[in-house]
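Worksheet: the structure to be examined is printed underneath.
The values are calculated or read from the model by the stated rules, or taken from the named source; none is laboratory data. Remember, predicted model here, so these are calculated numbers, not experimental data. Methodologically, a virtual Cβ is constructed for each residue, glycine included, from the backbone with ideal geometry; neighbour enumeration extends over all protein chains shown. To get the accessible areas, we keep the full protein, side chains included, count just its heavy atoms, and leave off ligands, DNA and RNA. Shrake-Rupley method; radii C 1.70, N 1.55, O 1.52, S 1.80 Å.
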Amino acid sequence: MGQTKERTSVAVIGAGPGGLAAAMLLSAKGYEVNVFEKQPVVGGRSGQLQLGDYRFDRGATFLMMPQILEELFAAAGRSLYEEVEMKELTPLYALNFGDVTFTPSRDVEATSAQIAKLFPGNEEGYRRFMADEEDKFERVMPLLRRPFQTPGDYMKKDVLRALPRLHAADTVYNRLSRYFTDERLRLSFTFQAKYLGMSPWECPGTFTILSFIEHKYGLYHPTGGVNQVFTAMARVIEQLGGNIHTSCGVKQILTKNRKATGVLLENGEQIEADHIFINADFGTAMTQLFEPGLLRKYTPQKLEKKRYSLSTAMLYLGVDGPIDLPHHSVYFADEYRRNVDEITKHKICSADPSLYVHNPSVIDPTLAPAGKSSLYTLMPVPNLTGSTDWVKQRESMQELMMNRLQKIPALSNLSSRIEEAMFFTPLDWQNELDVYKGATFNLAHNLGQMMAMRPHNRFEEVDHVWLVGGGTHPGSGLPTIFESAQISVKLLEEEESRQRSKKQHVSRPSRSGRTV
């Protein structure tokens with residue numbers, strides 16, 4: 001871990017998606033990069049989980065907008081598709097409403113025909129939605145690719161152009177109600193607000209672009225799971241001369257005169273660095289990585305008052321035999337609005353929950369022994385600001401999930417087929433993966449926590465510190481996390497360029513022969 005004076009050194013805290021993306025870009029640009037990851041594997045909350053002979057994605061289970069990821073790999077002189085085998089998912093998913101199952105795809109004609117059959121009269125609304133959102137997407141996307149750090153950033157041309165289509169004062173559900181009359185179809189295009197850990201009845205209308213992105217650009221499964229993308233990033237970083245240190249946590253960021261100078265590792269070693277990239281969970285980083293009393297804007301008291309995403313209860317199951325379900329499915333609660341309100345407003349767990357079921361073994365034989373299946377189930381639940389006692393109610397909540405799963409015909413005898421199992425709660429997200437309040441999707445995306453109101457990519461409180469990940473601009477979700485890495489790396493390069501120019505100016509001889 002020795003330092004080389006000829007190169008600018010960067011310490012990256014956390015080998016999650018944002019940290020790895022930043023480290024890959026920095027390594028390709030010639031920086032001396034050391035990534036410190038507390039867990040034994042890379043990927044953060046999207047890393048690989050192994051139970052016996054079964055392997056799972058711990059978090060994210062598909063990729064959206066792979067073109068952003070390909071751009072990252074290309075910047076490092078690599079190709080995503082040469083590093084990772086990718087399979088497009090067709091249909092996108094199976095959305096289950098009692099006796100009705102909707103299976104949309106990127107094929108506009110086929111999806112329109114299915115809507116006409118299942119939800120008569122709504123097919124024209126679908127076409128209008130796709131056309132309107134394409135215009136919106138083209139206007140909004142530039143805002144996700146640059147920093148927002150001052151009020152002046154709102155006055156730039158790209159913001160003024162996007163403003164009529166932002167719909168930030170509206171909600172995702174209200175926007176979709178303009179296109180669809182059938183409640184089930186509205187939910188089919190609004191449930192993606194859960195990707196941000198929010199209710200579609202509260203999530204800003206800007207984020208209707210999430211469902212558009214899925215329908216326009218598709219969803220993809222990397223062979224071996226999404227975690228393989230992060231394994232590939234780590235491999236590229238090391239090929240480019242960077243270093244990945246797993247099972248090596250950071251205890252504190254070292255500072256002098258409010259400028260970062262390096263990191264203190266949990267093993268007691270001190271590592272000097274010119275710059276620090278924080279990819280740790282934002283709330284956890286602010287409360288644990290700085291000397292107490294140093295921060296002013298992000299004190300523990302102020303962090304408590306911020307809004308955080310919902311959480312998730314996870315059930316990872318190694319199952320004997322194949323499972324007759326698609327790659328991923330959503331099973332909506334009979335009273336979905338009530339289910340969402342209970343989680344987000346009242347912060348209690350629902351007796352009738354919605355479930356997301358991931359069955360990657362149906363297309364990927366690498367995740368389980370031959371003829372068997374790795375099954376992943378996610379149940380949205382309140383974060384740890386809710387009233388659920390996850391120690392006392394752990395068994396009952398796991399039983400609730402199992403009972404709900406076994407109501408699915410293809411899983412009716414599931415309990416008798418389980419060979420490996422792990423139940424993971426919001427408390428586990430906090431205690432084992434350092435997720436503040438167990439809020440799986442980080443800070444919420446309400447108006448007061450978006451763009452310039454979100455923690456800045458260039459950290460405001462300590463110089464030479466940069467943020468990447470879901471807790472900074474542009475926000476949660478893998479595509480935006482990758483964008484955060486590109487933004488922060490570009491800001492660092494710009495600062496380095498300014499510093500070089502300043503030094504050159506100071507050392508340039510004046511006409512009188514004196515150095516100025």
### Query
Round to a whole number: what % of the accessible area of the stretch 328-477 belongs to carbon and sulfur, probe 1.4 Å?
50 percent
### Message
Averaging over every viewing direction, what projected area does the convex hull of the Cα atoms of the stretch 285-397 cover, in nm²?
### Response
10.3 nm²
### Query
Over all Cα pairs of the stretch 1-120, how is the pair count split among 5 Å bins, expressed in % and running from 0 up to the last occupied bin?
2, 9, 13, 15, 15, 13, 10, 9, 6, 4, 3, 1, 1, 0
### Message
Checking the cross-link filter: which lysines have an alpha carbon closer than 20 Å to that of residue 437, excluding same-chain neighbours under 8 positions apart?
### Response
38, 194, 251, 297, 302, 305, 306, 345, 347, 392
### Task
Could you please state how large a percent of the accessible area of the stretch 1-77 is carbon and sulfur, counting protein chains only and using a 1.4 Å probe?
48 percent
### Task
Quote the relative contact order of the chain in percent (integer), defining contacts as alpha-carbon pairs under 8 Å separated by 6+ residues.
21 percent
### Query
Ranked highest first by the average count of other Cβ atoms within 10 Å around their residues, in what order do 160-171, 313-324 fall?
313-324, 160-171
### Summary
With every protein chain kept in place and a 1.4 Å probe, the stretch 153-282 has an accessible area per residue in Å² of 38 Å²
### Cβ-Cβ FRET estimate between residue 127 and residue 177, R0 fixed at 22 Å, reported to 0.05
0.85
### Query
How high is the FRET efficiency from residue 396 to residue 155, r the C-beta distance, R0 41 Å, rounded to 0.05?
0.15
### Task
Have a look at the stretch 115-183 and give its Rg and Dmax from the Cα atoms, expressed in angstrom.
15.4, 50
### Task
Express in % the proportion of alpha carbon pairs of the chain at distances exceeding 30 Å.
49 percent
### Task
Quote the convex hull volume per residue of the stretch 47-112, based on C-alpha atoms, as a whole number of Å³.
152 Å³
#### Entry: Reachable aspartates and glutamates, given that their alpha-carbon falls under 18 Å from the alpha-carbon of residue 29 and they are not under 8 places away in the same chain
6, 70, 71, 238, 274, 483, 493, 494, 495, 496
### the stretch 232-279: proportion of alpha-carbon pairs further apart than 11 angstrom, %
71 percent
### Task
Could you bin all the Cα-Cα distances of the stretch 388-492 into 5 Å bins starting at 0 and give me the percent of pairs in each, rounded to whole numbers?
2, 11, 14, 15, 13, 11, 10, 9, 7, 4, 2, 0
### Query
Could you give the semi-axes, largest first, of the ellipsoid that matches the stretch 173-263, computed as the square roots of 5 times the alpha carbon gyration tensor eigenvalues and rounded to whole Å?
40, 22, 11
### Task
Quote the convex hull volume per residue of the stretch 158-226, based on C-alpha atoms, as a whole number of Å³.
122 Å³
## Note on the structure
Output row, site residue 366, 7 Å Cα→C-beta label point, backbone N cut-off 17 Å, window the stretch 217-233, residues 220-233
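Order 386-392, 210-216 from most to least packed using the mean count of other Cβ atoms within 10 Å.
Packing proxy ranking, top to bottom: 210-216, 386-392.
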### Message
At 7 Å along Cα-to-Cβ for each site, give me the label-to-label distance between residue 235 and residue 417 in nm.
### Response
3.2 nm
### Query
When you count, for each residue, the other Cβ atoms within 10 Å and take the mean per peptide, how do 328-335, 453-460 rank with the highest first?
453-460, 328-335
### Query
Accessible area per residue, 1.4 Å probe, Å², for the stretch 304-404: what's the number?
42 Å²
